[in-house]
1. Please compute, for peptide B:85-98, the average count of beta-carbon atoms on other protein chains lying within 10 Å of each residue's beta-carbon.
2. Taking amide hydrogens as modeled 1.01 Å from N in the peptide plane, which residues meet the under 5 Å criterion relative to A:Val59, leaving out close sequence neighbours?
3. I want the antiparallel fraction of DSSP beta bridges within segment A:4-80, as a percent rounded to 5.
4. Between copies, how far does the label point of B:Ala128 sit from its twins, in nm, shortest first, when each point is 7 Å from Cα along Cα→Cβ?
5. How many percent of all Cα-Cα pairs in segment B:4-80 sit more than 18 Å apart?
6. Equivalent ellipsoid semi-axes for segment A:118-226, as square roots of 5 times the alpha carbon gyration tensor eigenvalues: give them largest first, rounded to whole Å.
7. Along the Cα→Cβ direction, 7 angstrom out, place labels at A:Trp14 and A:Glu178. What is the inter-label distance in nm?
8. In whole Hz and in residue order, list the ³J(HN,Hα) couplings for segment B:194-204 that follow from phi through the Karplus curve 6.51 cos²θ - 1.76 cosθ + 1.60, θ = phi - 60°; x for Gly and Pro.
Protein chains: 2
Amino acid sequence: MARGGAELKLLGTWASPFVLRAQLALSFKGLSFENVEEDLRNKSDLLLTSNPVHKAVPVLLHGGRPVCESLVIVQYVDEAFSGAAGPPLLPADPYEHAVARFWVAFIEDKLLAAWQKVFTAKTDEEKAEWMKQTLAAVDVLEGGLKECSKGGSFFGGDHVGYVDIVLGGAVPWVHATEVLSGARLFDAGKVPLLAAWLERFGALKEAKAVMPDVQRLVEHAKMKQP
Amino acid sequence: MARGGAELKLLGTWASPFVLRAQLALSFKGLSFENVEEDLRNKSDLLLTSNPVHKAVPVLLHGGRPVCESLVIVQYVDEAFSGAAGPPLLPADPYEHAVARFWVAFIEDKLLAAWQKVFTAKTDEEKAEWMKQTLAAVDVLEGGLKECSKGGSFFGGDHVGYVDIVLGGAVPWVHATEVLSGARLFDAGKVPLLAAWLERFGALKEAKAVMPDVQRLVEHAKMKQP
């Protein structure tokens, strides 16, 4: 089985939590890859021809063949490089697999969907309402971590798995949000398991190798604010 | 490997395209199951305790263990009953697997998301705009069918696969929409592959066995209209 290298090219943007998922998957599988920074105001021909449907990042090119959409990329990396150095991201057991996918869908549809609206809300009231819904989703996810980890340190149990990677994409933004607004999404007083997970995940060398600098994200977010 | 029977119980509602996905997956895998009709205005304790996060159908109970969310259920059925009578729904090849997941996400996020808004739009202008976006997504999906089928009859190639099941959940509503408004979503003049797929899929005995009656859906939709 290939170990990546020149045959793996990732089209992305450095601040995107979705691109970070792909980078985390590659990093935790121990695969080297070429990172190509896209300018979304002036997309490359390679991006446009690789993802003609969405014209969006991330796109992983494996031996020239494009794989699009962050969740699809994470699963593809796990399956295509099943013999790679890192442990499997997805559980082999069908029921555990289903449980992992359930919580990934929850993170997408409930937690991140609400949190994104905090950033785009037009009034302070709307912002507060979406933050309330975000924190309610975080509360529920605390139970998900308990269910998935079975006493281990990660959603994947003893090692980082699919759910860890998907939530991991948001980790730098969890820290940036605290700097920007003081809001602590994973508050140890309310969600002790997730608060411990946040520290533990961020301290792993595979995560550190690809996560963007929080202060740079903060500056980026300030520039984008209306 | 088990063949379903009393150990497989599906909590659902007869008119839901999402529940139908689960029924189609079970049917195409040749598995027998107990179908339990839920009253969503008065949810059963079994539903509430089986899916405490979303309190929604479908839920598949396999030997008492709940699997929630339609896409998760379809994949679970495929993996847990890999030795069942029907062919595998998901391709074994990681790249083909990724392509199938890509088009499933497209059906969810673009086609069905726009189409659902046709039903909930408040003005005729909004309705027309969402129908335009729905048809634009159908146009793109025509290319997806070409890519996935590789000259075969279905998204899964020579047999029904994951994408067929997910789109198949909407088939009765495609017909009901035509009766209700005259709108032909899969028009042979515009999307000949999808139009042929619609007829071919609906004619399969495994699909017929679980699909609701179109006229009953039409009456149901008329009753729900404001």
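1. Details: counts 0, 0, 0, 0, 0, 0, 0, 1, 2, 10, 8, 0, 5, 14.
Taking all residues of B:85-98 together, the mean is 3.
2. A:Leu11
3. Numbers: 8 of 13 bridges.
Of the beta bridges lying entirely in segment A:4-80, close to 60 percent run antiparallel.
4. Distances between equivalent label points, in nm: 4.1.
5. Values: 822 of 2926 pairs.
For segment B:4-80, the fraction of Cα-Cα distances above 18 Å is 28 percent.
6. Working: eigenvalues 126, 66, 21 Å².
Rounded to whole Å, the semi-axes are 25, 18, 10.
7. 2.3 nm
8. Per-residue couplings from phi come out as 5, 5, 5, 4, 4, 5, 5, 5, x, 8, 6 Hz.
A short reminder: the numbers here are calculations on the coordinates, not readings from a lab. Model, not experiment: these values are computed from the prediction. Cβ sites come from the backbone with ideal geometry, for glycine too, and all protein chains shown count toward neighbours.
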